[in-house]
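Asks: One structure, pasted below without further comment.
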Amino acid sequence: MVPKSISDLELLEYIAGRLSPKRTARIDSMLAESEPDRLRLERFRRTWEVMGHWDVPADQRDVLPAVMQRIESRRGRGVRFVLGWGVAARIAAAWVIAIASGVTAGRAVMSGRTSVPTVDEAAPRQVLDADVADSLHLGVLGSGGSAGLAQSIFQVNGQHDEETEL
Amino acid sequence: MTDPLPSDDADLMVRTAAGDKSAFGELVNRHQSKVLALAIRILGNETEAQDVAQDVFVKVYRAAGRYKPKAKFTTWLYRIAVNTSLDAARKANRSVVPLEAVAPVSDGPDATARLVEAQLAARVRSAIQQLPPRQRTVVILHRYQELSYRQIAAATGWSVSAVESLLVRAHAKLRDSLADLRDP
């Protein structure tokens, strides 16, 4: 039976020392039995070591002062209302529902499915209910309801006063 | 009475969310060199990397109220750092970073050794910068930030199989481009 080869990824993790002790021991025994795997390991290891020559400079500036300055300067600009995506989505949805409702209602009215109260010119004018007229003490003024009151206010010598016409 | 244990990162984030700036300062001090090193390697430019590192910590501060310690803080931090670095690289519209000139090495007994070291570093840097962004990112996280491939998957949000594939392909390319340096 041909022994299973060690994967490239496992060799990398083995070189990096990130395998469990149990798995490391297993890889050790597989390497001992397979020269091709040992050669592959060696090529990975040399590349790994060469990569170690790329050092990032140690004298790095402390970013904290600049970070705090940016945070503070943002605060100093006053309250800025920033919508999160969730809130923005809810507001947008509310607008869509409102517009859709308006469009639907408008179409319903235009198609005649609902009716809007209209003024029937032939119907007798309705005067104030007697109870209302009483509550306003219109009887004291000698007028028969609001129509009579209006007439008595705006008529001068029986003529309609156009200047006071509302 | 024993000294209190140093606060862990999750504690510091909770305190930061409550407005404790000293806790935030502690977080920055603990992690800034890692974040800066990552950004420098991804971007290949120290000035841009400083800006990115600042962006990362400003984002951390602003997100403190939403942070939930379900995963390790460093995993979350790396996610922000990687995304911010890759965004900056995209904005700079640079897929290949020009090789910086090797800094002149002053004379001295070990000048030759330092020059050789500087040239090696430049070659490695160039080889890694030549990789496509995602391969470059996983190599940097694996080799220099010392994350396992599963930790890299968690930090980047990429699948484990994607990370495995990226890492293996990146190392195959690096083996070829650095062959003259690795072979005795």
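Here, each number is a calculation from the coordinates, and none is a lab measurement. The structure presented is a predicted model; accordingly, all values stated were derived computationally and were not measured. Methodologically, a virtual Cβ is constructed for each residue, glycine included, from the backbone with ideal geometry; neighbour enumeration extends over all protein chains shown.
Asks: Taking each residue of A:32-44 in turn, how many C-beta atoms of other protein chains fall within 10 Å of its C-beta, and what is the average?
Replies: 1
Asks: Please give the contour-minus-distance gain from B:Ala118 to B:Arg66: 0.36 nm per residue of separation, less the Cα-Cα distance, rounded to one decimal in nm.
Replies: Roughly 14.4 nm would be gained on extension.
Asks: Further question on the same structure: Using θ = phi - 60° and the Karplus curve 6.51 cos²θ - 1.76 cosθ + 1.60, what whole-Hz ³J(HN,Hα) does each residue of the stretch A:85-94 get, with Gly and Pro shown as x?
Replies: Each residue's phi maps through the Karplus curve to give 4, x, 5, 4, 5, 5, 5, 4, 5, 4 Hz.
Asks: Continuing with the same structure: Can you give the extra length, in nm with one decimal, that the chain gains between B:Arg30 and B:Ser148 once fully stretched, where that is 0.36 nm per residue apart less the Cα-Cα distance?
Replies: Roughly 40.4 nm would be gained on extension.
Asks: With each label point set 7 Å from Cα along the Cα-Cβ vector, what nm distance links A:Trp85 and A:Arg61?
Replies: So the label points at A:Trp85 and A:Arg61 sit 3.3 nm apart.
Asks: Other chains' Cβ within 10 Å of B:21-29 residues: what's the mean?
Replies: Counting other chains' Cβ atoms within 10 Å and averaging over B:21-29 gives 3.
Asks: What are the ³J(HN,Hα) values, in whole Hz, obtained from phi via the Karplus relation 6.51 cos²θ - 1.76 cosθ + 1.60 with θ = phi - 60°, for each residue of the stretch B:13-22 in sequence order, with x given for Gly and Pro?
Replies: For the stretch B:13-22, the Karplus-derived couplings read 5, 4, 5, 4, 4, 7, x, 7, 6, 5 Hz, x marking Gly and Pro.
Asks: Return the loop-located chymotrypsin sites (Phe, Trp or Tyr not before Pro) in the stretch B:105-158 (DSSP other than H, G, I, E, B) with at most 12 other Cβ atoms within 10 Å of their own Cβ; answer none if there are none.
Replies: Answer in residue order: no site qualifies.
Asks: Please give the contour-minus-distance gain from B:Ala18 to B:Asp180: 0.36 nm per residue of separation, less the Cα-Cα distance, rounded to one decimal in nm.
Replies: Additional length available on full extension: 52.8 nm.
Asks: Ok, one more. Note the per residue figure in Å³ for the convex hull of the C-alpha positions in the stretch B:27-88.
Replies: So the per-residue hull volume is 73 Å³.
Asks: Please give the calculated 222 nm ellipticity per residue for chain B, where each DSSP H segment of at least 4 residues contributes -39500 (n - 2.57) and the sum is spread over every residue; nearest 500 deg cm²/dmol?
Replies: When only DSSP H runs of four or more count, the value is -22000 deg cm²/dmol.
Asks: To test your reading of the geometry: what angle, between 0 and 90 degrees and rounded to tens, separates the Cα axis of helix B:73-91 from the longest principal axis of chain B?
Replies: Tilt of helix B:73-91: around 50 degrees.
Asks: Whole-Å semi-axes of chain B's equivalent ellipsoid, largest first, each the root of 5 times a Cα gyration tensor eigenvalue?
Replies: Square roots of five times the eigenvalues give 33, 21, 16 Å.
Asks: Which trypsin sites (Lys or Arg not before Pro) does the stretch B:1-92 hold that lie in a coil by DSSP with at most 12 other beta carbons within 10 Å?
Replies: Filter output for the stretch B:1-92: B:Lys70.
Asks: Also: Convex hull over the Cα atoms of the stretch B:133-184, averaged projected area in nm²?
Replies: Result: a mean projected hull area of 3.6 nm².
Asks: Then there is this: Taking each residue of B:124-132 in turn, how many C-beta atoms of other protein chains fall within 10 Å of its C-beta, and what is the average?
Replies: 2
Asks: Using a simple spin-label model with points 7 Å from Cα along the Cα→Cβ vector, what separation in nm is obtained for A:Ser20 and A:Arg74?
Replies: 4.2 nm
Asks: Right, next: What ³J(HN,Hα) values, in whole Hz, does the Karplus curve 6.51 cos²θ - 1.76 cosθ + 1.60 give for the stretch A:40-47 when θ = phi - 60°, with x put for Gly and Pro?
Replies: Values per residue, Gly and Pro as x: 4, 4, 5, 5, 4, 5, 5, 4 Hz.
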